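Readers should treat all values here as calculations from the given coordinates under stated rules, not as data from a laboratory. Since the model is a prediction, treat every value here as computed from it, not as a measurement. Here the Cβ positions follow ideal geometry from the backbone for every residue, glycine too, while neighbour counts run over all protein chains shown.
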Amino acid sequence: MSPVQTIRRIGFRKWYERELLRSHANLVLLLLSAIGLLTAAEIYDRRIALSDQLQVLACAAASAAIGLHALRRYLYLLNHAEFVADQAVCGRCERYASFDSVDEGATPAELNVCCRHCRHEWVIRL
């Protein structure tokens, strides 16, 4: 489901909270993959059989790949949520996240909104 549809369905504050939770779940995954990578470094020994060495290296490579992916998702989701949250302030009365969706934006990544307090309209780009 697109962010525009989700914001319309559950509201901006809950969407923002969910984005932050998804972002921080990726941070936890990053920490777990770092533990896996450090564990593989601790287990690796040149004196063990070649097949065991390859298994440890494969685990280290998988942990590194998962960690890199989790880091990229964490940063993307966090920056996207903050980018949208910066636009959720009414330009006239300075109220945060107090708006109603008016209609479709010019593109699918835009949301036309109207302040609940002063009825000022603006566009939020997602």
Per DSSP, the loop-located chymotrypsin sites (Phe, Trp or Tyr not before Pro) within segment 35-126 having at most 15 other beta carbons within 10 Å are 44
Net +/- balance of residues flanking residue 98 in space, Cβ distance below 11 Å, scoring K and R +1, D and E -1 = +1
Expressed to two decimals, the chain has a Cα Rg over Rh, using the Kirkwood radius, of 1.27
In degrees, nearest 10, the alpha-carbon axis of helix 12-43 is tilted away from the dominant principal axis of the alpha carbons of the chain by 10 degrees
The relative contact order of segment 9-86, taking Cα pairs under 8 Å that sit 6 or more residues apart, comes to a percentage of 48 percent
Nearest-ten-degree value, helix 50-86 long axis tilted from longest Cα axis of the chain = 10 degrees
For the chain, what is the calculated [θ] at 222 nm in deg cm²/dmol (nearest 500), taking -39500 (n - 2.57) for each run of four or more DSSP H residues and dividing by its residue count?
-> -21500 deg cm²/dmol
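Can you tally the net charge around residue 3? Count Lys and Arg as +1, Asp and Glu as -1, for every other residue whose Cβ sits under 11 Å from the Cβ of residue 3.
+2
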In a Gaussian network model over the chain where Cα atoms closer than 10 Å are linked, find which of 46, 72, 13 has the largest mean-square fluctuation.
-> 46
